[in-house]
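Have a look at the structure below before the remarks.
The values are calculated or read from the model by the stated rules, or taken from the named source; none is laboratory data. Small disclaimer: the values here were computed from a predicted structure and weren't measured. When we count neighbours, we look across all protein chains shown, and the Cβ atoms used for this are built from the backbone with ideal geometry, even at glycine. Side chains are part of the model used for accessible areas, which takes the heavy atoms of the whole protein and leaves out ligands, DNA and RNA. Shrake-Rupley method; radii C 1.70, N 1.55, O 1.52, S 1.80 Å.
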Amino acid sequence: MSAQSTMIFRLGVLLIGVCSLQAASDSRRELRDEGSQTAPVGTVRLFEGARLIVGDGSTPIESSAFIIENDHITRIGKKGQLPVSAGAHRVDLTGKTVMPALVDAHVHLGYRKGLSFSADNYTRDNLLDTLDRFAYCGIAAVLEAGTGRGDLPFQVRGDARSGARYLTAGRGFAMPNAGPGVPMRDAAFGVTTEAEVRNDVRMLVAKHPDMLKIWVDDRNGTVEKLKPPLYRAIIDEAHAHHVRVMAHIATLDDAKDLLRAGIDGFGHIVRDREVDDELLALLKQRRQVFFVETLWGERRAIYQEKPAWLEEPLLRDLLSEEEIAQLSDSFASAVSLTPQQRESARRLLRNVAVLHAAGVRLGLGTDTGGVTGGQYFGLASLVELELLVRAGLTPAQAIVAATRNSADILGLDELGTLAVGKSADFLVLDANPLDDIANTRRISMVYLRGIEINRPALRARWR
Ligand SMILES: [Zn+2]
């Protein structure tokens, strides 16, 4: 090939490359245009005047300033003390509070669409719309806990997108027809032999799931609980491939045996009994083990009356009148709860408090999108903070659980706190959530990966 034809060839390749890039970004824009506003690429942005909650429990920085370059935080300090070039874009946040975006480590995407709940809803468009709902509420990342269908979750995870990050456990594991609730039930591998589970785990880890999920629950005697030799084999095989395993549990005894089997974390709190010293001793030996509490799933029994947030504007942004009425009615019927149901809700909160006091790693998880979680994507993650405070955590501790701890649990190093080098993922609030955790729902702006989420456009889409 002559020098000239080589150059023409290279130019051709370059043009093809540019065209396919253009096509990819066009289709992305089509899907995402409403989701996020255009970032001033390459510009330096200075945000000043806000109270800044770092997300690690430290004292907030009053009258803060921080600088974002592209999608990362490059400086943090006090207002008036950061050196910025004359061309920097300034955002005045005086009177506002900034906190890290949240991470929800237990959700079920794709089945819920408004009031309908069906595997037929599991489409790319519905997954993306759900991620937009999380982004709208300031949730930077979610983990789909074992109800992924086919390759779609892995494809959507891999797409270059702005907005909320999508992590997935792919398909979870249970005895045949004994995993997640209907209509998600067939998403899980139904397993009966050790050879089978090892084979299924190997098939799954080839897709690089962010965690594995198992169901260890007989659903009040209605289904067969995953047998210990099977979950031991799943954990063993997953660990051999450097993938962690999270368990759906209900009982104290199962939690203990799973800990002995090397489980990495739990998708719910212990629900049948008070946590005891033996459990705490097992947890003390393995400090990395985490719990997400899914108190949202027990909201009726915990509140026992209509919560004040039913009247908040955020609900009208996200939900139809009919959906709000249904949610409201569900609390009205809470007056008919039995004393046993009320007591079990109190025990749940006590268990959270005891684990927290013992220094156990608590993150945020809601089960939104599942049977008890409903379609309240985003809203539920914010209300979960309030429920953690009801369990006895301070607002600052609840925020740490939902930000730093949850990001740690999912291995998302760039999220969780607001610090130099971290991704610029944060909420701008109209009032201080350290005074009242309900203020986490008074959202003025959301930034994910340095881009402001276009909340007015999303509201218009959902109206
Ligand atoms: Zn779940």
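Here are the numbers for this structure:
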{"item": "Qualifying position, being within 26 Å of Ala457 (Cα to Cα), small (Gly, Ala, Ser) and within 26 Å of the chain's Cα centre (by Cα), among Gly95, Gly138", "result": "Gly138"}
{"item": "Enumeration of residues in the stretch 361-386 that are more than 16 Å from the ligand (Cβ to nearest atom) and open to solvent by less than 20 Å² (accessible area, probe 1.4 Å)", "result": "Leu362, Gly378, Leu379, Leu382, Val383, Leu385"}
{"item": "Exclusive hit being over 24 Å from the mean Cα position of the chain (by Cα) and assigned to a helix (DSSP H, G or I), set Arg347, Arg316, Arg299", "result": "Arg347"}
{"item": "Subset of the stretch 433-450 (residues that are part of a loop (DSSP other than H, G, I, E, B), within 19 Å of Ala396 (Cα to Cα) and open to solvent by less than 20 Å² (accessible area, probe 1.4 Å))", "result": "Pro433"}
{"item": "Check on Lys113, closer than 22 Å to Asn432 by Cβ, open to solvent by 10 Å² or more (accessible area, probe 1.4 Å) and either more than 16 Å from the ligand (Cβ to nearest atom) or touching a residue at least 24 places away in the same chain (Cβ under 8 Å) (or both)", "result": "no"}
{"item": "Yes/no for Val223 being hydrophobic (A, V, I, L, M, F, W, C), out of contact with any Phe, Trp or Tyr (no Cβ under 8 Å at 6 or more places or on another chain), within 30 Å of Arg165 (Cα to Cα) and assigned to a loop (DSSP other than H, G, I, E, B)", "result": "no"}
{"item": "Count of the stretch 29-68 residues which are in a strand (DSSP E or B) and at pLDDT below 95", "result": "2"}
{"item": "Filtered residues of the stretch 116-169 (kept if open to solvent by 10 Å² or more (accessible area, probe 1.4 Å), away from the ligand (no atom under 16 Å from the Cβ) and not in a helix (DSSP H, G or I))", "result": "Ser116, Ser118, Thr123, Gly150, Asp151, Asp159, Ala160, Arg161, Ser162, Arg165"}
{"item": "Boolean, Arg404 is at pLDDT 95 or above, open to solvent by 10 Å² or more (accessible area, probe 1.4 Å) and away from the ligand (no atom under 16 Å from the Cβ)", "result": "yes"}
{"item": "Residue check for Glu274: of a type outside the set (Phe, Trp, Tyr), within 25 Å of Thr366 (Cβ to Cβ), over 26 Å from the mean Cα position of the chain (by Cα) and open to solvent by 70 Å² or more (accessible area, probe 1.4 Å)", "result": "yes"}
{"item": "Count of the stretch 192-206 residues which are surrounded by fewer than 16 Cβ atoms within 10 Å (Cβ to Cβ) and of a type outside the set (S, T, N, Q)", "result": "5"}
{"item": "Selection from the stretch 69-100 of residues that are surrounded by 16 or more Cβ atoms within 10 Å (Cβ to Cβ), of a type in the set (D, E, K, R) and part of a strand (DSSP E or B)", "result": "Arg75"}
